[in-house]
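A.B. asks: First the structure, then my questions, so here it is.
The values are calculated or read from the model by the stated rules, or taken from the named source; none is laboratory data. Given the structure is predicted, the values throughout are model-derived calculations rather than measurements. All Cβ positions, even for glycine, are placed from backbone atoms using ideal geometry, and neighbour counts span all protein chains on display.
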Amino acid sequence: MVPEDNLLDVACGSGEFSIFCARKMRYVCGVDLSDRMIELAKNQATANKQENIEFVCHDVEEIPFDDDAFSIVVCKSAFHHFLNYGKVFSEMIRCCKEDGRISIQDIVSYDNNRINDYFEKIEREIDRSHEKALSKADFIKLFRQKKIRILRTYVIEIELNFNEYINHAIQSKANFETIGHLLDYGLDDQDISKQFTTINGKLFFKRNVFLILGKK
């Protein structure tokens, strides 16, 4: 990341990463399907008096920019929301310059299928926009199939506050009840319960986050 770079943030949400990057480079654009998220992002950029940043409300399966428009194209914490993630990745590649960098960061599936199926149920109950957590192998295959040279990969284990995670999306009473039943089941299961931990009296669960960086 150098001052001459221009960056496209795909599925930018409320724009925190875009706003951070705009302090370090020439121009940043964030694109997201949610008009509410884009409005939040615009308001924050205005409050920060950042003039080298733009936010666009648009479907990321058809990104409204020219070919080879950006030196860096990123997508953070969003691929698990995409039904047609291959289409989104193709659009990321199209918008990236030759020799530009492409990066994805997202949660990945658990190695154990039964544990993964359990947490997929939890994720879908918490947030209906959750489609599927891909595996590390899925992301690597995606880059290789599109002939994007992989520069590096990272995996980190994070611990997420369970109650805070539930509340990142609006929940109905029925949702809360279903999530509660699923949680009870998981905590009583010998294998699934190992993915939960208590810190200072609060319940957390473990998730692996994968980052992959490539060059077009």
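A.B. asks: Looking only at the stretch 58-76, which residues are more than 17 Å from the chain's Cα centre (by Cα) and either surrounded by fewer than 16 Cβ atoms within 10 Å (Cβ to Cβ) or over 26 Å from L134 (Cα atoms) (or both)?
C.D. replies: Listed by number, the residues that qualify are E62, P64, F65, D66, D67, D68, A69.
A.B. asks: Restricting to the stretch 50-79, name every residue that is of a type in the set (D, E, K, R), at pLDDT 95 or above, out of contact with any Phe, Trp or Tyr (no Cβ under 9 Å at 6 or more places or on another chain) and on the phi < 0 side of the Ramachandran plot.
C.D. replies: Scanning the stretch 50-79 gives D59, E62, D66, D67.
A.B. asks: Then there's this: Mind listing just one residue for me: the one in the stretch 109-122 that is crowded, with 19+ Cβ neighbours inside 10 Å and not aromatic (F, W, Y) and, of those, farthest from F139 (Cα to Cα)?
C.D. replies: Looking at the filtered set, the residue picked out is I122.
A.B. asks: Looking only at the stretch 191-207, how many residues end up being surrounded by fewer than 16 Cβ atoms within 10 Å (Cβ to Cβ) and either within 27 Å of I140 (Cβ to Cβ) or among the polar types (S, T, N, Q) (or both)?
C.D. replies: 7
A.B. asks: Only residues that are of a type in the set (A, V, I, L, M) and either buried (at least 20 other Cβ atoms within 10 Å of the Cβ) or outside any helix (DSSP H, G or I) (or both): list them for the stretch 77-108, please.
C.D. replies: The answer is A78, L83, V88, M92, I102, I104, I107, V108.
A.B. asks: Kindly indicate whether any position in the stretch 32-41 is surrounded by 15 or more Cβ atoms within 10 Å (Cβ to Cβ), outside any helix (DSSP H, G or I) and touching a helix residue (DSSP H, G or I) at 6+ places or on another chain (Cβ under 7 Å).
C.D. replies: Yes, some residue in the stretch 32-41 is surrounded by 15 or more Cβ atoms within 10 Å (Cβ to Cβ), outside any helix (DSSP H, G or I) and touching a helix residue (DSSP H, G or I) at 6+ places or on another chain (Cβ under 7 Å).
A.B. asks: Okay, moving on. So which residues in the stretch 1-31 are out of contact with any helix residue (DSSP H, G or I) (no Cβ under 8 Å at 6 or more places or on another chain) and in a loop (DSSP other than H, G, I, E, B)?
C.D. replies: V2, P3, E4, D5, R23, K24, M25, R26, listed by residue number.
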